[in-house]
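Mind having a look at this structure? Questions to follow.
Laboratory data are not the source of any read-out in this text; all were calculated from the coordinates shown. Only a predicted model underlies this, so the values are computations on that prediction, with no experimental measurement involved. Glycine also receives a Cβ, built like all others from the backbone with ideal geometry; neighbour counts cover every protein chain displayed.
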Amino acid sequence: MAGVFITFEGIEGSGKSTQIALLRDHLVRLGRTVVLTREPGGTPIGDQIRKVLLDPANKAMDPSAELLLYAASRSQHLHEVIIPALKKGAMVLCDRFSDATLAYQGYGRGLSIAMIRDLDRIVTAGLRPRLTVLLDIDAKTGVGRARGRNSSQNLHAEARFENEAIEFHSRVRDGYLALARAEPARFRLVAAGGTPEAIHGELKKVVDELLAKDR
Ligand code: TMP
């Protein structure tokens, strides 16, 4: 596939959306075709699944049901958006992907990592991001930011994960760090505590270097 697939990961409040938007603008200025998308969601069917997954009223959701809904959203997203865009040579910037399932459902909820990897192979047929940016921030700071944003932007309908205890988010963060350590060639760890401009400067360098290698 001719395109470039880049994913962004991190706990709540790590600043992913801001950074993805800044990077998209940078790449468009360079003349690239960019598709910006996210999980869960990214398609009309995925957006319906997203509502179910993030609705705080769904307290009774079983962890395996949760896992399978993320997998369903990903399957739809891959076939409807990601694979066609990569085939056309686009740069696909995706806000969360398979690593989020390992971090949240595996490290966070405690489901078997091996089982999640097996399911992921079925869903993605082995398609992996070329680069995964992990925006790292401690759980208390990140979740504090996310909760503030939810109340100021009236995003209560999406707060099921933000409502989890800090310990849950700490496990997710540790999970992400373990995944990054295990695959240093794919992951770039970026400290998310700095200013948005400084973080963007760092990300631009990482992505420009990646594109230079392809020339
Ligand atoms: P976000 O769009 O605000 O990042 O919200 C998505 C939420 O879903 C976030 O709390 C992380 C969670 N999530 C999982 O638990 N597993 C997954 O596979 C993905 C993609 C997201």
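Could you tell me which residue of segment 161-215 is nearest to Arg32 (Cα to Cα), considering only residues that are of a type in the set (Lys, Arg) and loosely packed, with under 12 Cβ neighbours inside 10 Å?
The extreme case among them is Arg215.
Now a separate question. Among the numbered conditions (1) assigned to a helix (DSSP H, G or I); (2) out of contact with any Lys or Arg (no Cβ under 9 Å at 6 or more places or on another chain), tell me where His169 comes up short.
Here His169 meets the rest and fails (2).
Report yes if Thr132 is without any contact (Cβ under 8 Å) to a residue 40 or more places away in the chain and of a type in the set (Ser, Thr, Tyr), otherwise no.
Against the criterion (without any contact (Cβ under 8 Å) to a residue 40 or more places away in the chain and of a type in the set (Ser, Thr, Tyr)), Thr132 does not qualify.
I'd like to verify a number: residues in segment 114-136 that are among the hydrophobic types (A, V, I, L, M, F, W, C), surrounded by fewer than 21 Cβ atoms within 10 Å (Cβ to Cβ) and closer than 19 Å to Pro184 by Cα, how many?
The number of residues fulfilling the criteria is 2.
Give segment 192-215 a look and list any residue that's of a type in the set (Gly, Ala, Ser), within 12 Å of Gln19 (Cα to Cα) and touching a residue at least 12 places away in the same chain (Cβ under 8 Å), or say none.
Ala192
Pairs please, first residue from segment 45-70 and basic (Lys, Arg), second anywhere and near the ligand (Cβ under 10 Å from one of its atoms), Cβ atoms under 7 Å, 6+ apart in sequence or on different chains.
Within 7 Å, the pairs are Arg50/Pro40; Arg50/Gly41; Arg50/Ser73.
Within segment 148-156, does at least one residue satisfy the condition of being of a type in the set (S, T, N, Q), under 14 Å from Gly10 (Cα atoms) and surrounded by 14 or more Cβ atoms within 10 Å (Cβ to Cβ)?
Within segment 148-156, not a single residue is of a type in the set (S, T, N, Q), under 14 Å from Gly10 (Cα atoms) and surrounded by 14 or more Cβ atoms within 10 Å (Cβ to Cβ).
Does Val92 satisfy the condition of being away from the ligand (no atom under 11 Å from the Cβ), in contact (Cβ under 8 Å) with a residue 40 or more places away in the chain, over 28 Å from Asp174 (Cβ atoms) and surrounded by 15 or more Cβ atoms within 10 Å (Cβ to Cβ)?
It is false that Val92 is away from the ligand (no atom under 11 Å from the Cβ), in contact (Cβ under 8 Å) with a residue 40 or more places away in the chain, over 28 Å from Asp174 (Cβ atoms) and surrounded by 15 or more Cβ atoms within 10 Å (Cβ to Cβ).
On to the next question. Condition first: among the basic types (Lys, Arg), within 11 Å of the ligand (Cβ to nearest atom) and out of contact with any Ser or Thr (no Cβ under 8 Å at 6 or more places or on another chain). Now tell me which residues in segment 55-76 satisfy that.
Hits for segment 55-76: nothing passes.
Return yes or no: is Ile45 within 14 Å of the chain's Cα centre (by Cα) and within 16 Å of the ligand (Cβ to nearest atom)?
Here the answer is no, as Ile45 does not meet what is asked.
Evaluate segment 7-21: report whether one residue or more is aromatic (Phe, Trp, Tyr), without any contact (Cβ under 8 Å) to a residue 40 or more places away in the chain and outside any loop (DSSP other than H, G, I, E, B).
Among the residues of segment 7-21, not one is aromatic (Phe, Trp, Tyr), without any contact (Cβ under 8 Å) to a residue 40 or more places away in the chain and outside any loop (DSSP other than H, G, I, E, B), which makes the answer no.
Can I ask one more? List the residue pairs whose Cβ atoms are under 6 Å apart, where the first residue sits in segment 153-177 and is closer than 10 Å to Gly108 by Cβ, the second is away from the ligand (no atom under 11 Å from the Cβ) and small (Gly, Ala, Ser), and the two are 6 or more positions apart or on different chains.
From segment 153-177, the pairs are His169/Ala139; Ser170/Ala139; Arg173/Ala139.
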